[in-house]
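Encoded as C-alpha coordinates, the structure appears first; notes follow it.
The values are calculated or read from the model by the stated rules, or taken from the named source; none is laboratory data. Since we're looking at a predicted model, the values are computed, not measured. Every residue, glycine among them, receives a Cβ derived from its backbone with ideal geometry; neighbour counts consider all protein chains shown. Each accessible area value is taken on the protein alone, full model and side chains, heavy atoms only, with ligands, DNA and RNA left out. Shrake-Rupley method; radii C 1.70, N 1.55, O 1.52, S 1.80 Å.
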Amino acid sequence: MERIIVVGGGLGGVRAVESLRGRGYEGALTLVSAERHPPYDRPPLSKAVLAGESDDTTVDADWDALRCDLLLGERATGLRLDARGGVVASTAGDLPFDGLVIATGAVPITLPGDGPQHVLRTIEDSRDLRSRLTEGARIVIVGAGWIGAEVATTAAKKGCAVTVVEAADTPLAGAIGPAVGALTAPWYAEAGVELRTGVKVAEVGGGGLLLAGGGRIEADVVVVGIGVRPDLSWLDGSGLLLERGVVTDGSFRTYLGEEAPGSARPDVVAVGDCAAWWSARYGRRLLVEHWDTALNAPDVAAATLLGQDEVYDAVPYFWSEQFGRMVQYAGNHSVSERMVDRGDPSGRKWTAAWLTGDRLDAVLTVDRPRDLVQARRVIAAGTPVDAAALADPDVPVRQAVRG
Ligand SMILES: Cc1cc2nc3c(=O)[nH]c(=O)nc-3n(C[C@H](O)[C@H](O)[C@H](O)COP(=O)(O)OP(=O)(O)OC[C@H]3O[C@@H](n4cnc5c(N)ncnc54)[C@H](O)[C@@H]3O)c2cc1C
(Lines give C-alpha, C1' and ligand atoms only; values in the text may rest on other atoms or scores of the structure.)
Protein backbone atom coordinates (compact mmCIF):
# COMPACT_ATOMS: atom_id res chain seq x y z
CA MET A 1 0.00 0.00 0.00
CA GLU A 2 1.23 3.44 -0.86
CA ARG A 3 -1.67 5.72 -0.04
CA ILE A 4 -4.00 5.23 2.89
CA ILE A 5 -6.86 7.61 3.72
CA VAL A 6 -8.49 7.65 7.12
CA VAL A 7 -11.93 9.28 7.11
CA GLY A 8 -13.05 10.51 10.54
CA GLY A 9 -10.96 12.29 13.16
CA GLY A 10 -12.30 10.82 16.36
CA LEU A 11 -10.46 8.36 18.58
CA GLY A 12 -10.95 5.59 16.00
CA GLY A 13 -9.28 7.68 13.31
CA VAL A 14 -6.23 8.73 15.31
CA ARG A 15 -5.72 5.22 16.62
CA ALA A 16 -5.80 3.86 13.08
CA VAL A 17 -3.08 6.34 12.08
CA GLU A 18 -0.94 5.42 15.08
CA SER A 19 -1.35 1.70 14.47
CA LEU A 20 -0.52 1.94 10.77
CA ARG A 21 2.73 3.70 11.54
CA GLY A 22 3.38 1.45 14.54
CA ARG A 23 3.05 -1.58 12.29
CA GLY A 24 5.60 -0.21 9.86
CA TYR A 25 3.47 1.37 7.14
CA GLU A 26 5.75 3.83 5.30
CA GLY A 27 3.46 5.19 2.56
CA ALA A 28 1.39 8.37 2.38
CA LEU A 29 -1.21 8.83 5.09
CA THR A 30 -4.03 11.40 5.23
CA LEU A 31 -6.70 11.89 7.86
CA VAL A 32 -9.84 13.76 6.77
CA SER A 33 -12.13 15.01 9.49
CA ALA A 34 -15.24 17.15 9.42
CA GLU A 35 -14.31 18.76 12.72
CA ARG A 36 -11.89 21.67 12.84
CA HIS A 37 -10.06 20.22 15.83
CA PRO A 38 -7.43 17.53 15.92
CA PRO A 39 -8.94 14.32 17.36
CA TYR A 40 -10.18 14.64 20.93
CA ASP A 41 -11.78 12.38 23.52
CA ARG A 42 -15.54 12.59 23.94
CA PRO A 43 -16.23 10.91 27.32
CA PRO A 44 -15.22 14.06 29.27
CA LEU A 45 -17.75 16.12 27.27
CA SER A 46 -20.57 14.89 29.50
CA LYS A 47 -18.37 14.88 32.61
CA ALA A 48 -15.37 17.16 33.31
CA VAL A 49 -15.88 19.54 30.37
CA LEU A 50 -19.58 20.00 31.14
CA ALA A 51 -18.73 20.55 34.78
CA GLY A 52 -16.16 23.21 33.82
CA GLU A 53 -13.24 21.23 35.24
CA SER A 54 -11.54 20.73 31.87
CA ASP A 55 -11.68 22.40 28.52
CA ASP A 56 -9.28 20.48 26.33
CA THR A 57 -9.50 16.76 25.68
CA THR A 58 -7.24 16.63 22.62
CA VAL A 59 -5.72 13.19 22.10
CA ASP A 60 -1.98 13.38 22.61
CA ALA A 61 -0.53 12.53 19.19
CA ASP A 62 2.66 13.67 17.46
CA TRP A 63 1.35 14.37 13.96
CA ASP A 64 4.76 15.24 12.56
CA ALA A 65 6.27 12.01 13.79
CA LEU A 66 3.26 10.16 12.44
CA ARG A 67 3.84 11.78 9.03
CA CYS A 68 0.12 12.20 8.54
CA ASP A 69 -1.53 14.98 6.56
CA LEU A 70 -4.44 16.38 8.50
CA LEU A 71 -7.35 17.67 6.47
CA LEU A 72 -9.40 19.23 9.27
CA GLY A 73 -12.78 20.86 8.69
CA GLU A 74 -13.15 18.80 5.51
CA ARG A 75 -15.84 16.24 4.89
CA ALA A 76 -15.90 13.08 2.80
CA THR A 77 -18.93 13.32 0.54
CA GLY A 78 -18.75 10.14 -1.50
CA LEU A 79 -16.85 6.93 -2.16
CA ARG A 80 -16.07 5.23 -5.44
CA LEU A 81 -14.55 1.77 -5.25
CA ASP A 82 -12.43 0.27 -8.01
CA ALA A 83 -11.40 -3.38 -8.27
CA ARG A 84 -8.70 -2.44 -5.77
CA GLY A 85 -8.60 0.91 -4.01
CA GLY A 86 -10.75 3.80 -5.13
CA VAL A 87 -11.41 7.49 -4.57
CA VAL A 88 -12.91 9.38 -1.64
CA ALA A 89 -14.76 12.46 -2.85
CA SER A 90 -14.37 15.24 -0.29
CA THR A 91 -14.78 18.94 0.23
CA ALA A 92 -10.98 19.08 -0.19
CA GLY A 93 -11.22 17.40 -3.61
CA ASP A 94 -10.83 13.81 -4.78
CA LEU A 95 -8.57 11.64 -2.64
CA PRO A 96 -7.39 8.46 -4.37
CA PHE A 97 -6.39 5.61 -2.09
CA ASP A 98 -5.30 2.04 -2.08
CA GLY A 99 -6.26 1.59 1.55
CA LEU A 100 -9.20 3.21 3.37
CA VAL A 101 -10.21 3.39 7.02
CA ILE A 102 -13.83 4.40 7.62
CA ALA A 103 -14.07 5.91 11.12
CA THR A 104 -16.85 8.46 10.81
CA GLY A 105 -18.44 7.64 14.15
CA ALA A 106 -22.01 8.52 14.94
CA VAL A 107 -24.32 11.51 15.21
CA PRO A 108 -27.01 12.14 17.80
CA ILE A 109 -30.63 11.37 16.97
CA THR A 110 -32.87 14.39 17.43
CA LEU A 111 -36.60 14.83 18.03
CA PRO A 112 -39.18 16.41 15.75
CA GLY A 113 -40.17 20.03 16.36
CA ASP A 114 -38.70 23.44 15.72
CA GLY A 115 -37.93 24.38 19.30
CA PRO A 116 -34.26 24.56 20.31
CA GLN A 117 -32.80 21.18 21.30
CA HIS A 118 -29.27 20.55 22.54
CA VAL A 119 -27.33 17.39 21.84
CA LEU A 120 -23.95 16.38 23.20
CA ARG A 121 -21.42 15.04 20.71
CA THR A 122 -18.82 17.72 20.08
CA ILE A 123 -16.70 19.97 22.29
CA GLU A 124 -18.77 22.91 21.01
CA ASP A 125 -21.97 21.16 22.13
CA SER A 126 -20.48 20.66 25.59
CA ARG A 127 -19.23 24.23 26.00
CA ASP A 128 -22.54 25.63 24.79
CA LEU A 129 -24.58 23.49 27.15
CA ARG A 130 -22.19 24.27 30.02
CA SER A 131 -22.86 27.98 29.63
CA ARG A 132 -26.60 27.31 30.06
CA LEU A 133 -26.38 25.25 33.24
CA THR A 134 -26.96 28.21 35.52
CA GLU A 135 -28.51 28.09 38.98
CA GLY A 136 -32.28 27.69 38.83
CA ALA A 137 -32.41 27.11 35.05
CA ARG A 138 -35.08 24.56 34.13
CA ILE A 139 -33.17 21.84 32.30
CA VAL A 140 -35.31 19.14 30.73
CA ILE A 141 -33.40 16.11 29.47
CA VAL A 142 -35.06 13.66 27.11
CA GLY A 143 -33.68 10.15 27.60
CA ALA A 144 -32.54 8.48 30.83
CA GLY A 145 -29.65 6.71 29.10
CA TRP A 146 -25.93 7.09 29.80
CA ILE A 147 -25.68 10.64 28.46
CA GLY A 148 -28.96 11.77 30.05
CA ALA A 149 -27.86 10.52 33.46
CA GLU A 150 -24.44 12.19 33.21
CA VAL A 151 -25.90 15.53 32.09
CA ALA A 152 -28.50 15.34 34.88
CA THR A 153 -25.71 14.71 37.40
CA THR A 154 -23.79 17.84 36.39
CA ALA A 155 -26.85 20.05 35.93
CA ALA A 156 -28.16 19.12 39.39
CA LYS A 157 -24.75 19.86 40.93
CA LYS A 158 -24.87 23.31 39.36
CA GLY A 159 -28.20 24.04 41.04
CA CYS A 160 -30.42 23.68 37.98
CA ALA A 161 -33.98 22.40 38.28
CA VAL A 162 -33.58 19.13 36.37
CA THR A 163 -36.27 16.91 34.91
CA VAL A 164 -35.46 13.74 32.97
CA VAL A 165 -38.16 12.41 30.68
CA GLU A 166 -37.91 8.78 29.60
CA ALA A 167 -40.24 6.88 27.24
CA ALA A 168 -39.47 3.47 28.79
CA ASP A 169 -40.53 2.49 32.29
CA THR A 170 -37.01 2.62 33.71
CA PRO A 171 -33.70 4.37 33.01
CA LEU A 172 -31.21 2.48 30.82
CA ALA A 173 -33.84 -0.09 29.80
CA GLY A 174 -32.37 -0.47 26.31
CA ALA A 175 -28.77 -0.74 27.47
CA ILE A 176 -28.98 -3.00 30.52
CA GLY A 177 -32.61 -4.11 30.63
CA PRO A 178 -35.49 -2.83 32.76
CA ALA A 179 -34.71 -4.96 35.83
CA VAL A 180 -31.20 -3.56 36.35
CA GLY A 181 -32.14 -0.16 34.90
CA ALA A 182 -34.83 0.18 37.61
CA LEU A 183 -32.12 -0.10 40.27
CA THR A 184 -30.68 3.20 39.09
CA ALA A 185 -33.99 5.11 39.31
CA PRO A 186 -33.59 6.08 43.00
CA TRP A 187 -30.28 7.80 42.16
CA TYR A 188 -32.20 10.55 40.38
CA ALA A 189 -34.40 11.46 43.34
CA GLU A 190 -31.39 11.29 45.65
CA ALA A 191 -29.69 13.95 43.50
CA GLY A 192 -32.82 16.12 43.46
CA VAL A 193 -33.61 15.26 39.83
CA GLU A 194 -37.19 14.60 38.82
CA LEU A 195 -37.40 11.40 36.75
CA ARG A 196 -40.56 10.94 34.68
CA THR A 197 -40.66 7.50 33.07
CA GLY A 198 -43.21 6.14 30.59
CA VAL A 199 -43.55 9.63 29.08
CA LYS A 200 -43.31 9.92 25.31
CA VAL A 201 -42.31 13.22 23.75
CA ALA A 202 -44.10 14.27 20.53
CA GLU A 203 -41.89 17.23 19.72
CA VAL A 204 -39.69 20.00 21.02
CA GLY A 205 -41.51 23.30 20.84
CA GLY A 206 -40.56 26.84 21.81
CA GLY A 207 -40.28 26.83 25.61
CA GLY A 208 -40.30 23.10 26.18
CA LEU A 209 -41.66 19.69 25.26
CA LEU A 210 -45.00 18.72 23.80
CA LEU A 211 -45.94 15.26 25.04
CA ALA A 212 -47.43 12.50 22.92
CA GLY A 213 -50.51 12.12 25.12
CA GLY A 214 -51.06 15.89 25.28
CA GLY A 215 -49.57 18.18 27.89
CA ARG A 216 -46.33 20.12 28.04
CA ILE A 217 -43.19 20.31 30.07
CA GLU A 218 -41.79 23.82 30.30
CA ALA A 219 -38.03 24.19 29.94
CA ASP A 220 -35.36 26.83 29.60
CA VAL A 221 -33.10 24.27 27.98
CA VAL A 222 -34.03 20.98 26.31
CA VAL A 223 -31.26 18.38 26.05
CA VAL A 224 -31.91 15.36 23.85
CA GLY A 225 -29.98 12.17 24.68
CA ILE A 226 -31.93 9.46 22.92
CA GLY A 227 -29.08 7.71 21.14
CA VAL A 228 -26.92 8.02 18.07
CA ARG A 229 -26.84 6.65 14.57
CA PRO A 230 -23.72 5.89 12.54
CA ASP A 231 -22.69 8.70 10.20
CA LEU A 232 -22.83 6.88 6.86
CA SER A 233 -24.62 9.16 4.41
CA TRP A 234 -21.37 9.74 2.48
CA LEU A 235 -21.24 6.01 1.69
CA ASP A 236 -24.59 5.95 -0.11
CA GLY A 237 -24.11 4.49 -3.59
CA SER A 238 -20.63 3.14 -2.79
CA GLY A 239 -21.81 -0.48 -2.96
CA LEU A 240 -20.54 -1.24 0.55
CA LEU A 241 -22.85 -3.35 2.65
CA LEU A 242 -24.47 -1.02 5.18
CA GLU A 243 -26.96 -1.96 7.84
CA ARG A 244 -27.19 0.05 11.04
CA GLY A 245 -23.44 0.44 10.63
CA VAL A 246 -20.84 -0.51 8.03
CA VAL A 247 -20.98 -4.32 8.04
CA THR A 248 -17.57 -5.93 8.58
CA ASP A 249 -16.06 -9.29 9.39
CA GLY A 250 -14.08 -9.92 12.57
CA SER A 251 -10.99 -8.29 11.04
CA PHE A 252 -12.99 -5.15 10.04
CA ARG A 253 -12.98 -5.92 6.31
CA THR A 254 -16.03 -4.38 4.68
CA TYR A 255 -18.19 -6.18 2.11
CA LEU A 256 -19.11 -5.12 -1.37
CA GLY A 257 -22.78 -5.84 -1.94
CA GLU A 258 -23.32 -8.95 0.11
CA GLU A 259 -21.86 -10.66 3.11
CA ALA A 260 -19.81 -13.44 1.56
CA PRO A 261 -16.10 -14.24 1.81
CA GLY A 262 -15.62 -13.44 -1.89
CA SER A 263 -17.04 -9.94 -1.46
CA ALA A 264 -14.87 -8.92 1.48
CA ARG A 265 -12.74 -5.83 0.81
CA PRO A 266 -9.43 -6.15 2.68
CA ASP A 267 -8.45 -2.69 1.41
CA VAL A 268 -11.45 -0.94 3.04
CA VAL A 269 -11.91 -1.32 6.79
CA ALA A 270 -14.38 0.30 9.20
CA VAL A 271 -13.94 0.83 12.95
CA GLY A 272 -15.43 2.55 15.99
CA ASP A 273 -18.99 3.79 16.41
CA CYS A 274 -19.78 3.37 12.70
CA ALA A 275 -18.81 -0.31 12.36
CA ALA A 276 -20.99 -3.37 12.89
CA TRP A 277 -18.37 -6.10 13.24
CA TRP A 278 -18.66 -9.84 13.52
CA SER A 279 -17.88 -11.09 17.01
CA ALA A 280 -16.91 -14.76 17.01
CA ARG A 281 -17.05 -14.67 20.81
CA TYR A 282 -20.74 -13.78 20.84
CA GLY A 283 -21.63 -15.33 17.49
CA ARG A 284 -23.33 -12.15 16.35
CA ARG A 285 -22.68 -8.76 14.86
CA LEU A 286 -21.88 -6.05 17.42
CA LEU A 287 -22.12 -2.32 17.03
CA VAL A 288 -20.40 -1.03 20.14
CA GLU A 289 -20.58 2.73 20.57
CA HIS A 290 -17.97 2.90 23.31
CA TRP A 291 -14.57 4.42 23.83
CA ASP A 292 -12.69 1.18 24.51
CA THR A 293 -13.63 -0.25 21.11
CA ALA A 294 -12.59 2.95 19.33
CA LEU A 295 -9.30 2.73 21.25
CA ASN A 296 -8.40 -0.88 20.54
CA ALA A 297 -10.16 -2.07 17.39
CA PRO A 298 -8.22 0.19 14.97
CA ASP A 299 -5.04 -1.77 15.61
CA VAL A 300 -6.67 -4.87 14.15
CA ALA A 301 -8.11 -2.83 11.28
CA ALA A 302 -4.61 -1.47 10.55
CA ALA A 303 -3.20 -5.01 10.56
CA THR A 304 -5.88 -6.05 8.07
CA LEU A 305 -5.03 -3.20 5.70
CA LEU A 306 -1.38 -4.21 5.85
CA GLY A 307 -2.19 -7.82 4.98
CA GLN A 308 -1.58 -9.18 8.49
CA ASP A 309 -4.03 -11.75 9.81
CA GLU A 310 -5.69 -10.56 13.02
CA VAL A 311 -9.14 -10.85 14.48
CA TYR A 312 -10.76 -8.55 17.06
CA ASP A 313 -12.20 -10.62 19.84
CA ALA A 314 -12.22 -8.26 22.82
CA VAL A 315 -14.89 -8.27 25.51
CA PRO A 316 -16.73 -4.96 25.04
CA TYR A 317 -16.20 -2.52 27.93
CA PHE A 318 -17.91 0.70 28.93
CA TRP A 319 -18.06 3.03 31.91
CA SER A 320 -20.27 5.89 33.02
CA GLU A 321 -19.91 8.32 35.90
CA GLN A 322 -23.33 9.22 37.21
CA PHE A 323 -24.78 10.52 40.47
CA GLY A 324 -21.44 10.12 42.24
CA ARG A 325 -21.07 6.49 41.17
CA MET A 326 -18.72 4.70 38.82
CA VAL A 327 -20.81 2.37 36.71
CA GLN A 328 -18.90 -0.12 34.54
CA TYR A 329 -20.05 -2.78 32.15
CA ALA A 330 -18.16 -5.57 30.41
CA GLY A 331 -19.42 -8.25 28.05
CA ASN A 332 -22.67 -8.67 26.19
CA HIS A 333 -25.83 -9.99 27.78
CA SER A 334 -28.19 -9.78 24.81
CA VAL A 335 -28.91 -13.52 24.80
CA SER A 336 -28.04 -14.41 28.39
CA GLU A 337 -30.26 -16.88 30.23
CA ARG A 338 -30.31 -15.32 33.68
CA MET A 339 -29.07 -12.63 35.97
CA VAL A 340 -27.49 -12.94 39.39
CA ASP A 341 -27.24 -10.13 41.97
CA ARG A 342 -23.92 -9.79 43.69
CA GLY A 343 -24.38 -7.63 46.76
CA ASP A 344 -27.51 -5.74 47.76
CA PRO A 345 -28.68 -3.66 44.79
CA SER A 346 -30.49 -1.26 47.08
CA GLY A 347 -27.12 -0.56 48.73
CA ARG A 348 -24.33 1.67 47.56
CA LYS A 349 -22.09 -0.88 45.84
CA TRP A 350 -23.29 -3.86 43.87
CA THR A 351 -22.79 -5.94 40.79
CA ALA A 352 -25.21 -7.62 38.41
CA ALA A 353 -23.93 -10.63 36.51
CA TRP A 354 -25.48 -12.28 33.46
CA LEU A 355 -24.94 -15.97 32.78
CA THR A 356 -25.73 -18.58 30.19
CA GLY A 357 -25.42 -21.99 31.78
CA ASP A 358 -22.26 -21.68 33.85
CA ARG A 359 -20.62 -19.17 31.53
CA LEU A 360 -20.34 -15.54 32.57
CA ASP A 361 -21.59 -13.31 29.71
CA ALA A 362 -21.52 -9.83 31.21
CA VAL A 363 -21.36 -7.77 34.40
CA LEU A 364 -22.50 -4.35 35.44
CA THR A 365 -20.67 -3.03 38.48
CA VAL A 366 -21.55 -0.04 40.63
CA ASP A 367 -18.54 1.22 42.56
CA ARG A 368 -17.01 -2.27 42.53
CA PRO A 369 -14.07 -1.81 40.15
CA ARG A 370 -12.37 -5.02 41.29
CA ASP A 371 -15.38 -7.05 40.26
CA LEU A 372 -15.20 -5.43 36.86
CA VAL A 373 -11.51 -6.15 36.31
CA GLN A 374 -11.77 -9.76 37.43
CA ALA A 375 -15.04 -10.45 35.62
CA ARG A 376 -13.68 -9.02 32.40
CA ARG A 377 -10.86 -11.56 32.54
CA VAL A 378 -13.22 -14.42 33.36
CA ILE A 379 -15.51 -13.44 30.49
CA ALA A 380 -12.54 -13.23 28.12
CA ALA A 381 -11.26 -16.65 29.18
CA GLY A 382 -14.75 -18.19 28.98
CA THR A 383 -14.09 -20.35 32.04
CA PRO A 384 -17.15 -21.77 33.84
CA VAL A 385 -18.22 -20.13 37.10
CA ASP A 386 -20.10 -21.24 40.18
CA ALA A 387 -23.22 -19.06 40.27
CA ALA A 388 -23.64 -19.37 44.06
CA ALA A 389 -20.07 -18.18 44.67
CA LEU A 390 -20.56 -15.39 42.15
CA ALA A 391 -23.63 -14.19 44.05
CA ASP A 392 -21.59 -13.79 47.24
CA PRO A 393 -20.01 -10.29 47.19
CA ASP A 394 -17.41 -11.40 49.71
CA VAL A 395 -15.99 -14.02 47.34
CA PRO A 396 -13.69 -12.41 44.74
CA VAL A 397 -15.04 -12.98 41.22
CA ARG A 398 -11.89 -14.82 40.21
CA GLN A 399 -12.50 -17.35 42.98
CA ALA A 400 -15.98 -18.08 41.64
CA VAL A 401 -14.30 -19.77 38.69
CA ARG A 402 -14.76 -23.55 38.68
CA GLY A 403 -11.42 -25.28 39.05
C1 LIG B 1 -20.73 13.04 25.42
C2 LIG B 1 -20.19 11.66 25.24
C3 LIG B 1 -19.79 10.93 26.36
C4 LIG B 1 -19.30 9.64 26.22
N5 LIG B 1 -18.94 8.95 27.34
C6 LIG B 1 -18.45 7.70 27.23
C7 LIG B 1 -18.07 6.96 28.38
O8 LIG B 1 -18.18 7.44 29.52
N9 LIG B 1 -17.60 5.72 28.21
C10 LIG B 1 -17.45 5.15 26.97
O11 LIG B 1 -17.01 4.01 26.87
N12 LIG B 1 -17.79 5.84 25.85
C13 LIG B 1 -18.29 7.09 25.96
N14 LIG B 1 -18.65 7.78 24.83
C15 LIG B 1 -18.54 7.13 23.50
C16 LIG B 1 -17.18 7.33 22.86
O17 LIG B 1 -16.78 8.66 22.96
C18 LIG B 1 -17.29 6.92 21.40
O19 LIG B 1 -17.51 5.53 21.38
C20 LIG B 1 -16.07 7.28 20.58
O21 LIG B 1 -15.94 8.67 20.50
C22 LIG B 1 -16.16 6.70 19.18
O23 LIG B 1 -15.07 7.12 18.41
P24 LIG B 1 -15.10 7.12 16.82
O25 LIG B 1 -13.75 7.58 16.41
O26 LIG B 1 -15.63 5.84 16.35
O27 LIG B 1 -16.22 8.19 16.42
P28 LIG B 1 -16.36 9.73 16.71
O29 LIG B 1 -15.76 10.07 18.02
O30 LIG B 1 -17.82 10.03 16.52
O31 LIG B 1 -15.51 10.45 15.59
C32 LIG B 1 -15.91 10.46 14.25
C33 LIG B 1 -15.34 11.67 13.57
O34 LIG B 1 -15.60 11.57 12.18
C35 LIG B 1 -16.05 12.83 11.71
N36 LIG B 1 -16.85 12.62 10.50
C37 LIG B 1 -18.12 12.15 10.40
N38 LIG B 1 -18.51 12.10 9.12
C39 LIG B 1 -17.46 12.53 8.39
C40 LIG B 1 -17.25 12.69 6.99
N41 LIG B 1 -18.19 12.38 6.10
N42 LIG B 1 -16.06 13.18 6.58
C43 LIG B 1 -15.09 13.48 7.48
N44 LIG B 1 -15.24 13.34 8.81
C45 LIG B 1 -16.41 12.87 9.25
C46 LIG B 1 -16.84 13.38 12.86
O47 LIG B 1 -17.02 14.77 12.74
C48 LIG B 1 -15.96 12.99 14.02
O49 LIG B 1 -14.96 13.92 14.24
C50 LIG B 1 -19.17 9.07 24.94
C51 LIG B 1 -19.56 9.80 23.81
C52 LIG B 1 -20.06 11.09 23.96
C53 LIG B 1 -20.50 11.86 22.75
Q) Could you name the lysines in cross-link range of Lys47, using Cα to Cα under 16 Å and dropping any fewer than eight places away on the same chain? A) Lys157, Lys158
Q: Give the carbon-plus-sulfur fraction of the accessible surface of region 219-282 in %, rounded to a whole number; probe 1.4 Å, heavy atoms of protein chains only.
A: 50
Q: Sum up the charges of everything whose Cβ sits under 11 Å from the Cβ of Ala375, counting Lys and Arg as +1 and Asp and Glu as -1, but leave Ala375 out.
A: +4
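Which value, in debye to the nearest 20, gives the size of the charge dipole of region 245-403 about its Cα centre, when Lys and Arg are +1 and Asp and Glu are -1 at the Cβ? The partial results should precede the final answer.
Details: 17 positive and 22 negative charges, 80 e Å.
The dipole magnitude comes to about 380 debye.
Give me Rg/Rg_expected for the chain, where Rg uses Cα atoms only and Rg_expected = 2.2 N^0.38 Å with N residues. Let's see the in-between values first.
Details: Rg = 22.0 Å, N = 403, 2.2 N^0.38 = 21.5 Å.
Here the answer is 1.03, to two decimals.
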Q: Averaging sequence separations of C-alpha pairs under 8 Å and six or more residues apart, then dividing by the length of the chain, give the relative contact order as a whole percent.
A: 13
Q: Only Lys, Arg, Asp and Glu count, each charged at its Cβ (+1, +1, -1, -1), so figure out the dipole size of the chain about its Cα centre, rounded to 20 debye.
A: 660
(Q) Using a Gaussian network model on the chain with a 10 Å cutoff between Cα atoms, which of Ala16, Ala103, Ala314 fluctuates the most? (A) Ala314
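Counting Lys +1, Arg +1, Asp -1, Glu -1, what net charge surrounds Arg348 among other residues with beta carbon under 12 Å of its beta carbon?
Working: positive: Arg325, Lys349, Arg368; negative: Glu190, Asp344, Asp367.
Neighbour charge sum, excluding Arg348 itself: 0.
Give the ranking of Phe318, Phe252 by solvent-accessible surface, highest area first, calculated with a 1.4 Å probe.
On the way: Phe318 30, Phe252 0 Å².
Putting Phe318, Phe252 in descending order of accessible area: Phe318, Phe252.
Once you have a ≥ b ≥ c as the square roots of the Cα gyration tensor eigenvalues for region 1-105, tell me rounded if a/c is under 1.5, and otherwise prolate or oblate according to whether a/b is larger than b/c. Please report the intermediate quantities before stating the final value.
Working: a/c = 2.58, a/b = 1.69, b/c = 1.52.
Here region 1-105 falls in the prolate category.
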Q. Cα-based Rg (one decimal) and Dmax (whole number) for region 110-224, in Å?
A. 13.2, 36
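Let me check against my output: what whole-number percent is the relative contact order of region 110-224, with C-alpha pairs under 8 Å and at least 6 apart? Mind showing how you got there, number by number?
Details: 232 pairs, mean separation 38.3, N = 115.
Computed value for region 110-224: 33 percent relative contact order.
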(Q) Give me the net charge for the shell around Val6: Cβ to Cβ below 11 angstrom, other residues only, Lys and Arg +1, Asp and Glu -1. (A) -1
Q) At a probe radius of 1.4 Å, what is the per-residue accessible area of Trp354, in Å² to the nearest 10? A) 20
Q. Sorted by accessible area (1.4 Å probe), largest first, how do Ser251, Ser131 line up?
A. Ser131, Ser251
Q.
Using each residue's phi in region 357-374, evaluate 6.51 cos²θ - 1.76 cosθ + 1.60 at θ = phi - 60° and report the 3J(HN,Hα) Karplus result to the nearest Hz, with x for Gly and Pro.
A. x, 9, 9, 7, 8, 7, 9, 10, 10, 10, 6, 10, x, 5, 4, 4, 4, 5
Q. Using the heavy atoms of the protein chains alone and a 1.4 angstrom probe, what is the accessible area of region 1-99 per residue in square angstrom?
A. 44
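Distances longer than 20 Å among the Cα atoms of region 141-207: what percent of all pairs is that?
Working: 505 of 2211 pairs.
Summing the P(r) of region 141-207 above 20 Å gives 23 percent of all pairs.
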Q.
Relative contact order for region 277-403: what percent, with Cα pairs under 8 Å and sequence separation of 6 or more?
A. 17
Q) Over the Cα atoms of region 324-400, how large are the radius of gyration and the largest Cα-Cα distance (Dmax), in Å? A) 11.0, 34
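Summarise the accessible area of region 324-400 (1.4 Å probe, protein heavy atoms) by the percent that is carbon and sulfur. Numbers along the way, then the final one.
Details: 1720 of 3430 Å².
Within region 324-400, the accessible surface is 50 percent carbon and sulfur.
What whole-number value in Å² describes the accessible area per residue of region 324-400 for a 1.4 Å probe? Write down the numbers at each step before the final one.
Details: 3430 Å² over 77 residues.
With the other protein chains kept in place, region 324-400 gives 45 Å² per residue.
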Q) For the chain, modelled as a GNM with alpha-carbon contacts under 10 angstrom, which of Gly12, Gly357, Gly272 fluctuates the most? A) Gly357
Q: Find how many whole Å separate the alpha carbon centroid of region 33-78 from the alpha carbon centroid of region 356-403.
A: 36
